[in-house]
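Undergrad: Quick one: this structure, given as structure tokens, is what I'll be asking you about.
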Amino acid sequence: MKQQTFSDIEYSYQKRKTKREEFLDIMEDIIPWDKWVALIRPLYYKGKRGCPSRGMETMLRMYLVQAWFNLSDEGVEDAIYDSYALRKFVGVDFLREQVPDATTLLHFRHLLEESHVGRAMFEGIKRFMDETGHIMHGDTIIDATIINAPSSAKNAKHARDPEMHQTKKGKEWRFGMKIHVGVDAGTGAVVALEATAANVHDIAAASKLIREDDTVVYGDSGYLGIEKRPEIAEDKHLSKIDYRINRRPGKLHRMKDNGGQNWERFIEHQPVIRTQQGRASVPVFEGAMRFPQNGLSWSCEESQQSIGVVCDQQPVFAGAGRAQVSGGLGLIRAKYAHFTE
């Protein structure tokens, strides 16, 4: 048991926990820290020369805090100094050490990106949740969103990021990348994701988001005609799936009697309810992408690594609202309690 500090004793008398503390406590319980640290250990700096290396788990926790709360490198450093809850979660004791600086976190993030550890974490936690019965099978919701990146060329290379692209959505031009996500229709857990340039159509990455045992796939009108795609029509499994795709609003039959049109709108609204569950993941991804405004941006590969880490906790984000209706975050803790057994 870790020895308590004077700050720990003082904060133990607080009247209630904040939502941030409750969330961090849940993450503390459900994340397999030993396994994740074991993934990083063979790649981590040995510290034989130069300055001593910082603890792997400390850096991992700091990196996750940055992804969860949409903070810059300098911002997460300041937040840990300022917040007792974050400092306790990261495990920094000012009597022994200081918070790792922004440059150290930058190098650590690049290490994870180059070694594809983020993808391994995502696949590991998804496999673990599948084995424990917290992911359902059969239905998947697919959706996509554009993540904006700086369009300015005022940087050292005097050029935009070559992996990003501009595209027009409605009447607005956007520049950046696109995140394609597949969500389990039963639980709201993210089960698949792909990162592409923003000009890639939603339907182009749809086949990569469908699971091997899916029988029904829900999507918005951006996926109309998915069953005619060569990669879908020529695949034995994908061609047999029931694709429930929304029609465009303008395609609804117009009748003199509004009753018929209202009935069609009601029918169309049912798939919309499903796709909105997929869209619930979008704000989390947008928060995870912290493109700096100095003209620099992340590559699609690094972006996908960061989003993969956020996806590991997506079941908690997606289930939080339902749990609060049923009786608070305590239900989430009970639901995931056996993760650490």
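Please treat every number below as a calculation from the coordinates, not as lab data. No experiment lies behind these values; they were computed from the predicted model shown. Reconstructed Cβ throughout: ideal geometry from the backbone, glycine too, with neighbour counts over all protein chains shown.
Undergrad: Might you report the magnitude of the Cβ-based charge dipole of region 82-154 about its Cα centre, with Lys and Arg at +1 and Asp and Glu at -1, to the nearest 20 debye?
TA: Details: 8 positive and 11 negative charges, 42 e Å.
Result for region 82-154 is approximately 200 debye, rounded to the nearest 20.
Undergrad: If you plug each phi of region 160-167 into the Karplus form 6.51 cos²θ - 1.76 cosθ + 1.60 with θ = phi - 60°, what whole-Hz ³J(HN,Hα) values come out, in order, with x for Gly and Pro?
TA: Ordered by residue, 3J(HN,Hα) equals 6, 5, x, 7, 9, 8, 9, 8 Hz.
Undergrad: Among LYS178/LYS228; LYS157/LYS178; LYS126/LYS178; LYS169/LYS228; LYS88/LYS126; LYS19/LYS126, which pairs are too far apart, with a Cα-Cα distance over 31 Å? If you can, show how the numbers build up before the last one.
TA: Numbers: LYS178/LYS228 23 Å; LYS157/LYS178 23 Å; LYS126/LYS178 22 Å; LYS169/LYS228 23 Å; LYS88/LYS126 27 Å; LYS19/LYS126 25 Å.
Too far apart for the 31 Å limit: no listed pair.
Undergrad: Separate question: What chymotrypsin sites (Phe, Trp or Tyr not before Pro) does region 27-90 have in DSSP loop regions with at most 12 other beta carbons within 10 Å? Intermediate values should be presented prior to the final figure.
TA: Numbers: sites: TRP33, TRP36, TYR44, TYR45, TYR63, TRP68, PHE69, TYR81, TYR84, PHE89; in loops: TYR44, TYR45, PHE69.
Those that pass, being in a loop and sparsely packed, number zero.
Undergrad: Name the long-range amide H neighbours of ALA185: under 5 Å, sequence gap of 5 or more, or other chain; modelled H, no Pro or chain starts.
TA: ASP139, THR140, ILE141
Undergrad: Related question: Sequence-distant or interchain residues sharing an amide H contact under 5 Å with ALA197, placed H: which?
TA: LYS178
Undergrad: Let me ask something else. With an 8 Å cut-off on Cα pairs and a minimum separation of 6 or more residues, tell me the relative contact order of region 158-245 in percent.
TA: Averaging sequence separation for qualifying contacts and normalising by length gives 21 percent for region 158-245.
Undergrad: What shape does region 52-112 take by its C-alpha gyration tensor, where a ≥ b ≥ c are the square roots of the eigenvalues and a/c under 1.5 counts as rounded, a/b above b/c as prolate, and the rest as oblate?
TA: Oblate is the answer for region 52-112, as a/c is 1.5 or above yet b/c matches or exceeds a/b.
Undergrad: Moving to a separate point now. So what J values fall out for region 201-206 if you push phi through Karplus, 6.51 cos²θ - 1.76 cosθ + 1.60 with θ = phi - 60°, rounded to Hz, Gly and Pro as x?
TA: Values, residue by residue: 5, 3, 6, 5, 9, 4 Hz.
Undergrad: I've got another one for you. Classify region 1-156 as rounded, prolate or oblate, taking a ≥ b ≥ c as the square roots of the eigenvalues of its Cα gyration tensor: rounded when a/c is under 1.5, otherwise prolate if a/b is larger than b/c and oblate if not. Intermediate values should be presented prior to the final figure.
TA: Numbers: a/c = 1.42, a/b = 1.14, b/c = 1.24.
Since a/c stays below 1.5, the shape of region 1-156 is classed as rounded.
Undergrad: Checking the a/c ratio against 1.5 first, then a/b against b/c, what shape does the Cα gyration tensor give for region 70-158? Numbers along the way, then the final one.
TA: Numbers: a/c = 2.22, a/b = 1.23, b/c = 1.80.
Taking the square roots of the gyration eigenvalues as a ≥ b ≥ c, region 70-158 is oblate.
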